[in-house]
Amino acid sequence: MGDNKRDKPYDVLIVGGLGHVGLPLGIVLADTGLNVCLLDIDEEKARSVREGKMPFIEYDAGPILEKALEGGNLHVSLDIKDASKARYVIIAIGTPVDEYLNPKTRQFIDFFKNLSEHLDKSQTVIVRSTVYPHTCRQMMKALDKKRECGIAYCPERIVQGYAIRELRTLPQIVAGMTKEAEDAAAELFGRVSPKIIRTSMGEAELVKLYSNAWRYIQFAVANQFYMMASNFGVDYDRVRKAMREEYERALTLPGAGFAAGPCLLKDTMQLSAFNSNNFLLGHAAMMVNEGLPNYIVETLRKRHRLSENKVGILGMAFKADIDDIRDSLSYKLGKILRFHGADVYYSDEYVEDPTFVSKEELIGKCDIIIVGVPHSAYKDVVIPEDVEVVDTWNVVSGGRRTSLEG
Ligand SMILES: NC(=O)c1ccc[n+]([C@@H]2O[C@H](COP(=O)([O-])OP(=O)(O)OC[C@H]3O[C@@H](n4cnc5c(N)ncnc54)[C@H](O)[C@@H]3O)[C@@H](O)[C@H]2O)c1
């Protein structure tokens, strides 16, 4: 690494380098001594990172970010032309589905065509974003002859918030459009990961989409079981506990709760689109997981005239102990409650929003409290006995518990 220094001053440039995937990866690579450039379009995040401040919660990232900036081997750029200046170009931009749940494949290929204007044959492009199958092949086709760089796929599999630890411990899946591109990607990721798993391109594409669809379906099983148990007047958590006790085959059954965020549903729908929309389990999982907020509201409406209630939602992030609200189901819950006339209050331990109230104020004000996400801080929360609680996670104490029979 580092040959042809004048031409290629950076070892690695990450496009989308200030995002939840790009930034942790960039600082972990910089921490191995590589000269890394984070290319993005978000000026606010660029300012924050240049000042050594993480723009979002990512545990253990702060000290490595500071160290890399002090060491002078981490740079931030807003100029796409800088893509020409790195041996490796990693792509970590978002790959959302549209409002009809179709992957935006054209948008990604158009973005890559634009990027490729600044690439040459000596470079290796590594796709880190989760992409629709065949995307790397389409990228190859989009390259003009002069700019035929290598293309590899090395999908990100970290769990948000814990990327620093996981990048250093998880095996990395590596596939290449050519053997050279695969070898180059394996060499780069070998610097941070204890194990490289080489696969074909098709295998790598399915590893990533199957991983997220699998998790999403598992959560749906738990959520459907929760709703069934609740309708039956039984506490799902107690059922789950009994099932798992000294019974290995049931250990992977998750707890119930909102299965949200920018990846699980999106990737399940990408897989469905890839399979000609024939993915019954994936669609069923979406109906169950997306239906949980509606179920909770319907349960409450059986006992309350919601227009006479103050309802508080504890936890607005899409998962515990982070500050990311992307595709959080707590907002969908709030919207449905408001539709039925409830006076709704939001609170969160990490998300900064001037319209939110503290958990203490929320508990003092509301006669119904719904736990949206099990932040660790809620373990110490004791809800007064006269307040009704919906807590799929069983994280808070006290309160009157909701079940349809209860
Ligand atoms: N968040 C996760 O935990 C996670 C885990 C595994 C895989 N992924 C996948 O990784 C990809 C990125 O997800 P994310 O959560 O980091 O998204 P993100 O929105 O946090 O980050 C994307 C970054 O790309 C930047 N960007 C957008 N367009 C750009 C452009 N044209 N040029 C340069 N920068 C641009 C954005 O400003 C943003 O900083 C997605 O495909 C996602 O499915 C995410």
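The values are calculated or read from the model by the stated rules, or taken from the named source; none is laboratory data. The model shown is predicted, which means the values in this text are computed figures rather than measured ones. Neighbour counts run over all protein chains shown; Cβ positions are idealised from the backbone, glycine included. The area values use the complete protein model at the heavy-atom level, side chains included, leaving out ligands, DNA and RNA. Shrake-Rupley method; radii C 1.70, N 1.55, O 1.52, S 1.80 Å.
For the chain, with a Gaussian network of springs between Cα atoms less than 10 Å apart, report the residue from LEU306, LEU362, LEU280 with the top mean-square fluctuation.
For the chain, modelled as a Gaussian network with Cα springs under 10 Å, the answer is LEU280.
What are the equivalent ellipsoid semi-axes of the chain, built from the alpha-carbon gyration tensor (square roots of five times its eigenvalues), in whole angstrom, biggest first?
Details: eigenvalues 360, 109, 70 Å².
In descending order, the three semi-axes are 42, 23, 19 Å.
Straight-line reach from LYS145: which lysines have a Cα under 25 Å away, not including same-chain ones fewer than 8 places off?
Reachable lysines: LYS5, LYS8, LYS81, LYS85, LYS113, LYS121, LYS179.
For the range 157-171, in order, what is each residue's ³J(HN,Hα) by Karplus, 6.51 cos²θ - 1.76 cosθ + 1.60 with θ = phi - 60°, in whole Hz (x at glycine and Pro)?
Coupling constants for the range 157-171: 10, 5, 9, 4, x, 10, 4, 4, 5, 6, 4, 8, 10, 6, x Hz.
Could you tell me the relative contact order of the range 135-211? Use alpha-carbon pairs under 8 Å, at least six residues apart, and round to a whole percent. Walk me through the numbers on the way to the answer.
On the way: 96 pairs, mean separation 24.2, N = 77.
This gives 31 percent for the range 135-211.
Around SER77, which amide H atoms from residues at least 5 apart in sequence, or from another chain, sit under 5 Å from its own amide H, with H modelled in the peptide plane?
Under 5 Å from the amide H of SER77 lie the amide H atoms of LEU38, LEU39, ASP40, each far enough along the sequence or on another chain.
Give the calculated FRET efficiency between SER84 and ASP235 to the nearest 0.05, with a Förster radius of 60 Å applied to their Cβ-Cβ distance. Walk me through the intermediate numbers first.
Working: r = 60 Å, r/R0 = 1.00.
It comes out at approximately 0.50.
Relative contact order for the range 10-199: what percent, with Cα pairs under 8 Å and sequence separation of 6 or more?
Computed value for the range 10-199: 20 percent relative contact order.
How high is the relative contact order of the chain, given as a whole-number percent (alpha carbon pairs under 8 Å, six or more residues apart)?
Values: 797 pairs, mean separation 46.1, N = 406.
Rounded, it is 11 percent for the chain.
Just to be sure I understand: of the beta bridges DSSP finds with both ends in the chain, what percent are antiparallel, rounded to 5? Don't jump to the answer; show the numbers that get you there.
Values: 3 of 43 bridges.
Counting only bridges with both partners in the chain, antiparallel ones make up about 5 percent.
Calculate how steeply helix 22-31 sits against the longest principal axis of the alpha-carbon atoms of the chain, using the helix alpha-carbon long axis, and give the answer as 0 to 90 degrees to the nearest 10.
Helix 22-31 sits at roughly 60 degrees to that axis.
How much length would be gained if the chain were fully extended between ASP42 and TRP214, taking 0.36 nm per residue of separation minus their Cα-Cα distance, in nm to one decimal? Write out the running numbers ahead of the final one.
Details: separation 172, 0.36 × 172 = 61.92 nm, distance 3.23 nm.
Taking 0.36 nm per residue and subtracting the Cα distance, the gain is 58.7 nm.
For a quick check: with amide H placed at 1.01 Å from N, whose amide H comes under 5 Å from VAL125's, ignoring anything fewer than 5 positions away on the same chain?
Under 5 Å from the amide H of VAL125 lie the amide H atoms of VAL89, GLY150, ILE151, ALA152, each far enough along the sequence or on another chain.
Apply 1/(1 + (r/R0)^6) to the Cβ-Cβ distance of THR355 and ARG165, taking R0 = 30 Å, and write down the FRET efficiency to the nearest 0.05.
On the way: r = 33 Å, r/R0 = 1.11.
Once the sixth-power term is evaluated, E becomes 0.35.
Provide, as a two-decimal number, the C-alpha radius of gyration of the range 10-199 over 2.2 N^0.38 Å, N being how many residues it has.
Values: Rg = 15.5 Å, N = 190, 2.2 N^0.38 = 16.2 Å.
So the range 10-199 has a normalised radius of gyration of 0.96.
Under a point spin-label approximation (7 Å from Cα along Cα-to-Cβ), what is the LYS379-ARG137 distance to one decimal in nm?
According to this spin-label approximation, the distance is 4.9 nm.
Using each residue's phi in the range 194-200, evaluate 6.51 cos²θ - 1.76 cosθ + 1.60 at θ = phi - 60° and report the 3J(HN,Hα) Karplus result to the nearest Hz, with x for Gly and Pro.
With coefficients 6.51, -1.76 and 1.60, one gets x, 8, 10, 10, 8, 9, 6 Hz.
Using the Karplus curve 6.51 cos²θ - 1.76 cosθ + 1.60 with θ = phi - 60°, what ³J(HN,Hα) values do you get for each residue of the range 87-100, in whole Hz, with x for Gly and Pro?
Once rounded to whole Hz, the list reads 5, 10, 10, 9, 9, 9, 7, x, 9, x, 9, 7, 5, 9.
Using Cα springs under 10 Å in a Gaussian network model of the chain, which residue among LYS141, LYS302, LYS310 shows the largest mean-square fluctuation?
Highest fluctuation among the options: LYS302.
To the nearest 10 degrees, how steeply does helix 179-190 sit against the main Cα axis of the chain, on a 0 to 90 scale?
Long axis of 179-190 versus the principal axis of the chain: about 60 degrees.
Using a 1.4 Å probe and ignoring any ligands, DNA or RNA, find the accessible area of ASP120 and quote it in Å² to the nearest 10.
50 Å²
Of the options SER307, GLY62, LEU34, report the single residue whose Cα projects farthest towards the positive end of the charge dipole of the chain (beta-carbon charges: Lys, Arg +1; Asp, Glu -1).
LEU34
Taking the Cα-to-Cβ direction at LYS113 and at ARG50 and moving 7 Å from each Cα, how far apart do the two end points lie in nm?
Result: 3.2 nm between the two label points.
Compute the distance in nm between two label points, each set 7 Å from the Cα along the Cα-to-Cβ direction, one at ARG401 and one at ALA284.
Placing both labels 7 Å along Cα→Cβ, they lie 2.8 nm apart.
What accessible area, in Å² to the nearest ten, does a 1.4 Å probe give for HIS118?
Answer for HIS118: close to 40 Å² accessible.
Have a look at ALA175, ALA68, ALA142 and tell me which one the Gaussian network model of the chain (Cα, springs below 10 Å) gives the largest fluctuation.
It is ALA142.
Compute the helix-to-body angle for 329-339: its Cα long axis versus the longest principal axis of the chain, expressed 0 to 90° and rounded to tens.
Tilt relative to the chain: about 40 degrees.
Where a ≥ b ≥ c are the square roots of the eigenvalues of the C-alpha gyration tensor, would you call the range 121-237 rounded, which needs a/c under 1.5, or, failing that, prolate if a/b is larger than b/c, or oblate? Present the calculation step by step, with values, prior to reporting the outcome.
Numbers: a/c = 3.79, a/b = 2.19, b/c = 1.73.
Cα axes put the range 121-237 in the prolate bin.
Using only alpha carbons, build the gyration tensor for the range 345-406 and give me the equivalent ellipsoid semi-axes, biggest first, whole Å.
Details: eigenvalues 77, 32, 21 Å².
Largest first, the range 345-406 gives 20, 13, 10 Å.
Give the long-range amide H neighbours of ILE197: residues separated by 5 or more places, or on another chain, with amide H under 5 Å away, using H modelled in the peptide plane at 1.01 Å from N.
Here GLN172, ILE173, VAL174 satisfy the definition.
Just subtract the alpha-carbon distance of LEU206 and GLU66 from 0.36 nm times their residue separation and send over the number in nm, one decimal.
46.8 nm
Rounded to the nearest 500 deg cm²/dmol, what is the calculated helix-only ellipticity per residue at 222 nm for the chain, with -39500 (n - 2.57) per DSSP H run of length n ≥ 4? Kindly include the intermediate steps, with their values, before the conclusion.
Details: 13 runs with 157 residues, N = 406.
Calculated at 222 nm, the ellipticity per residue is -12000 deg cm²/dmol.
Using DSSP to call loops (not H, G, I, E or B), can you name the chymotrypsin sites (Phe, Trp or Tyr not before Pro) in the range 1-79 whose Cβ has at most 15 other Cβ atoms within 10 angstrom? Each step should come with its number before you reach the end.
On the way: sites: TYR10, PHE56, TYR59; in loops: PHE56, TYR59.
Here the chymotrypsin sites (Phe, Trp or Tyr not before Pro) that fit, given the DSSP loop and packing criteria, are TYR59.
Please give the solvent-accessible surface of MET243 in Å², to the nearest 10, using a probe radius of 1.4 Å with every protein chain present.
So the heavy atoms of MET243 present about 70 Å² to solvent.
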